[in-house]
Each structure stands twice: as structure tokens, then as C-alpha cells.
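Enquirer: I am attaching a structure below and will ask some questions about it afterwards.
The values are calculated or read from the model by the stated rules, or taken from the named source; none is laboratory data. If you're wondering where the values come from, they're calculated on a predicted model, not measured in any experiment. Note that we place each Cβ from the backbone using ideal geometry, even for glycine, and neighbour counts take in every protein chain shown. Calculation scope for accessible area: heavy atoms of the full protein, side chains included, ligands and nucleic acids excluded. Shrake-Rupley method; radii C 1.70, N 1.55, O 1.52, S 1.80 Å.
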Amino acid sequence: MDINIGDILEMKKAHPCGKQDSTKFLVLRAGMDFKLKCQGCGHEIMLPRVKAEKNVRRITKA
């Protein structure tokens, strides 16, 4: 999967914050792990590449 910094990932499951855009995450770092920022609340999370790629529904390129 071709995911780069600045892309927005729409995930299958929402972030627990429950805000409007809680299923959309901005990619801050890409490698073996992804650093993602929730577009709803701004919380940053680290997620292993395998788990992130499995849960991606749609990629919006930057």
C-alpha cells in the first residue's frame, strides 16, 4: 500500500473521541509504524503498519 506523509486515511473504526471526523487520520510519520493524528480531536497515536493497512477504508492523497 502506498501511504505517504500528509495523506488522510479513512479507517473502518472511529477514534473513541466520537467527534465529527473521528474516522479520518492524518499521516505524520510513515515507516514500520505510522504516527496518525485524529482529525476530530487532534490526538496522536502510533500504530503498526500491518494493523493500519488492514483497517484502511480509503486514502486521500495530499
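Enquirer: Pop out the carbon and sulfur fraction of the accessible area of the chain as a percent, whole number, probe 1.4 Å.
Expert: The C+S portion of the solvent-accessible surface of the chain is 51 percent.
Enquirer: Met1 versus Ala62, label points 7 Å from Cα toward the beta carbon: distance in nm?
Expert: 1.7 nm
Enquirer: Given the convex hull of the Cα atoms of the chain, what is a quarter of its surface area in nm²?
Expert: 3.6 nm²
Enquirer: Sticking with this one: Any cysteines in the chain with zero other Cys Cβ atoms under 4.7 Å from their Cβ? List them, or say none.
Expert: Isolated Cys, the chain: Cys38.
Enquirer: Another one. Pick out, from Cys38, Asn4, Leu28, the residue whose Cα sits farthest towards the positive end of the charge dipole of the chain, with +1 on the Cβ of Lys and Arg and -1 on the Cβ of Asp and Glu.
Expert: The one lying farthest along the dipole's positive direction is Cys38.
Enquirer: Still on this structure: For the chain, what is the mean residue ellipticity at 222 nm derived from helices alone (per DSSP H run of n ≥ 4: -39500 (n - 2.57); sum divided by total residues; nearest 500 deg cm²/dmol)?
Expert: -3000 deg cm²/dmol
Enquirer: Okay, next question. Spin-label point model (7 Å from Cα, Cβ direction): what's the Val50 to Lys12 distance in nm?
Expert: 1.6 nm
Enquirer: Another question, then. Provide the per residue accessible area, probe 1.4 Å, for the chain, rounded to a whole number of square angstrom. List each step's numbers first, then the result.
Expert: Working: 4090 Å² over 62 residues.
With all protein chains present, the chain gives 66 Å² per residue.
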